[in-house]
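One structure is given here, and the rest of the page talks about it.
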Amino acid sequence: MNSQVNQMSVEASAITASCPSLKLVQSQTSTFTQVAPPTSATATSLVFAGTDELLQQALKQNALGYVIPEKLLPQVQNAFDKSKSLWTTTNIHMSMAEVLKLFNGYKPMNIGIHPQAAIDPSARLGKNVIVEAFAVIGKNVVIGDNCIIGAQSVLENGSSVGEGSHLSAQVFLGFNCHIGKNCIVGPQNVFGSDGFGFVTDKQGNHHKIPQIGNVVVEDNCEFGALCAIDRAALTETRIRKGSKFDNFIHIAHNCEIGENALITAGFIVAGSTKIGKQFIAAGGAGVLGHLTVADNVVLTARTGVISSIDKPGVYGGYPHLEQKENLKIMMSQQSLPRIRRSVAKILKHLGLEE
């Protein structure tokens, strides 16, 4: 089996023209078939080498093209013969974001409207829309130009998808819920399932509070797989523009996630919490309901937020603390077994044992 996916042909000149973070050092005549790790590069590979060690590995593999940090160039420039393409960059990861777009071989499974898709006559579809097999598009749905609606996805009545957005297979978009422009939605995401709202009577029975609000996802957002964004009880649950979600994330009803959030797997937030701009959450973090979180807050892995955060910073632990304090506590915990043994000896010496 050929392990090299993304086999294609990309000219060095196209890379230079399309990637503003790169500065060409030598050779625009190469043609690349792949981007590869330094350890598995071939004679037609382009590699990203962020360190001298990675560069030496790529040179041993005789890679054809190299992207290296600008600061590394003076000490390694003589290592390249004139047949090799070489670029420098001040930000390796930004350059990867630009270059890998040129090597992305993704194509939809079909072009146009699949005959096995179910589309209500009242739905309005823009130009160049692709709807894959067994997708269901309800009444008065609006889909912008150049969208892809994946196989078995469901867009309920009154929902909308902005131009240029891509919904993968088995995405659910509930009634009157909206996804903005140029969003990428991974498989099996749910936007607009009912929020978890119940009232309990004196007999212990739980009565459902109808959730009649919606979900609004603004432009340029991205979701991995298996995220659940609940509809609001009365108003809206809103994900603001530029936010990026990993897999397995739950946003409860009436929440707001600020612009340019970066949220990794396992994050959960309870209802009616408002989170500010540039929020970052590491894996497994959680936030209670009815709180506010300031702009520019970072939560380390498995942080538990139980009260509002009113100033920017890095927070960790449960309950959350500023990370410097949390690290001190974590270090202290390692000493607890020794302290317990010492206390036991003192109590025995004093004759105070139970």
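In table form, for the structure just shown:
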| item | result |
| --- | --- |
| In order through region 195-205: 3J(HN,Hα) via Karplus (6.51 cos²θ - 1.76 cosθ + 1.60), integer Hz, x for Gly, Pro | x, 8, x, 9, 10, 9, 8, 5, 8, x, 7 |
| Karplus 3J(HN,Hα) series, Hz, for region 12-22 with 6.51 cos²θ - 1.76 cosθ + 1.60 (x for Gly, Pro) | 4, 5, 5, 5, 4, 5, 9, 10, x, 6, 9 |
| Sequence-distant residues sharing a close amide H with Gln26 (under 5 Å, placed H) | Leu86 |
| Charged-residue dipole, Cβ positions (Lys, Arg, Asp, Glu), the chain about Cα centre, Debye nearest 20 | 760 debye |
| Accessible-area order (highest first, 1.4 angstrom probe) of the listed residues Leu54, Leu64, Leu86, Leu336 | Leu336, Leu54, Leu64, Leu86 |
| Segment Ala17-Ile113, length gained on full extension (0.36 nm per residue, minus Cα span) | 31.1 nm |
| Nonlocal amide H pairs with Ala233, under 5 Å, H built at 1.01 Å | Gly213, Asn254 |
| Tensor-based shape of region 21-70 (alpha-carbon gyration tensor, a/c under 1.5 rounded, otherwise prolate or oblate) | oblate |
| 26 Å Cα-Cα reach of Lys244 towards lysines, excluding residues that sit fewer than 8 places from it in its own chain | Lys101, Lys107, Lys181, Lys274, Lys277, Lys311 |
| Proximal lysines relative to Lys82, as straight alpha-carbon distance under 23 Å, when same-chain residues fewer than 8 apart are discounted | Lys23, Lys60, Lys71 |
| 1.4 Å probe accessible area per residue over region 138-265, in Å² | 42 Å² |
| Whole-number percent relative contact order across region 170-251, with pairs defined as alpha carbons under 8 Å at least 6 apart | 32 percent |
| Percent carbon-and-sulfur accessible area, the chain, ignoring ligands, DNA and RNA, probe 1.4 Å | 56 percent |
| Antiparallel DSSP beta bridges within the chain, percent to nearest 5 | 15 percent |
| Under 5 Å, built H, 5+ apart or other chain: amide partners of Gly197 | Ile209 |
| Overall form of the chain per C-alpha gyration tensor (a/c, 1.5; a/b vs b/c) | oblate |
| 1.4 Å probe accessible area per residue over region 29-114, in Å² | 54 Å² |
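The values are calculated or read from the model by the stated rules, or taken from the named source; none is laboratory data. Remember, it's a predicted structure, so these values are computed and weren't measured experimentally. Neighbour counts are summed over all protein chains in view; Cβ atoms, including those assigned to glycine, are modelled from backbone coordinates with ideal geometry. The protein model used for the area step is the full one, side chains on, heavy atoms only, and it has no ligands, DNA or RNA in it. Shrake-Rupley method; radii C 1.70, N 1.55, O 1.52, S 1.80 Å.
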